[in-house]
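Please treat every number below as a calculation from the coordinates, not as lab data. No experiment lies behind these values; they were computed from the predicted model shown. Reconstructed Cβ throughout: ideal geometry from the backbone, glycine too, with neighbour counts over all protein chains shown.
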Amino acid sequence: MLAVCGIVLKKGRVLLCKRPVGMNFPGFWEPPTEVIDEGETLEDSLEKAIFERLTAIPQKIHHLGAVDFAYGEGGRLFACEVELQRNFIRIYGYDDFRWVKLQDLKRFRMLKPHVTILTEQNGSEK
């Protein structure tokens, strides 16, 4: 499985969304994430996640990297930093959202690939 997550930063905080009941790993927190469907580009999938789940439009997308994971079917999670055209968002398909300081990530129940990606992001900030 291939998936992509959008790292949305605002004032030193990252956007995390809470997965709802009915999805795999309900109650876990993640940056907006979307499975990449067959024939779909990484950018198309990311724009779908941002537009459909946050009702926002990405203004800039910067590829950050990827991490492999072994749970479930296994796969690879790609990460991109996303700058939105506007700051206001509404979430759909998630139970809740929070703007979280990178140093506070350990307070949230998250899957390891997301933690790895965000930890690497934290290490790259000055």
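Here the gap between ASP44 and ARG98, fully extended at 0.36 nm per residue and compared with their Cα-Cα distance, gives a gain of 17.0 nm. Ordering THR33, THR55 from the fewest to the most neighbouring beta carbons within 10 Å gives THR55, THR33. Between VAL115, VAL14, VAL67, the Gaussian network model of the chain with springs among Cα atoms under 10 angstrom shows the greatest mean-square fluctuation at VAL67. Using a 10 angstrom cutoff on alpha carbons, build the Gaussian network for the chain and name the most mobile of LYS60, LYS18, LYS101. Evaluated over the chain, the most mobile residue of the options is LYS60.
Apply the a/c threshold of 1.5 to the C-alpha gyration tensor of segment 5-78 and tell me whether it is rounded, prolate or oblate. Judged from the Cα gyration tensor, segment 5-78 comes out rounded (a/c under 1.5).
Note on the chain: helix-only mean residue ellipticity at 222 nm, from DSSP H runs of 4+ residues weighted -39500 (n - 2.57) and normalised by residue number, equals -6500 deg cm²/dmol. Ranking LEU105, PHE78, PHE28 by how far each Cα lies toward the positive end of the dipole of the chain (charges on Cβ) leaves LEU105 at the top.
In summary, the lysines within cross-link reach of LYS106, defined as a Cα separation below 16 angstrom excluding same-chain residues under 8 places away, comprise LYS18.
Here the chain is treated as a Stokes sphere of Kirkwood radius computed over C-alpha pairs; at 37 °C and 0.692 mPa s its diffusion coefficient rounds to 226 µm²/s. Projected label points at ARG107 and ALA70, each 7 Å from Cα along the beta carbon direction, are separated by 3.2 nanometres.
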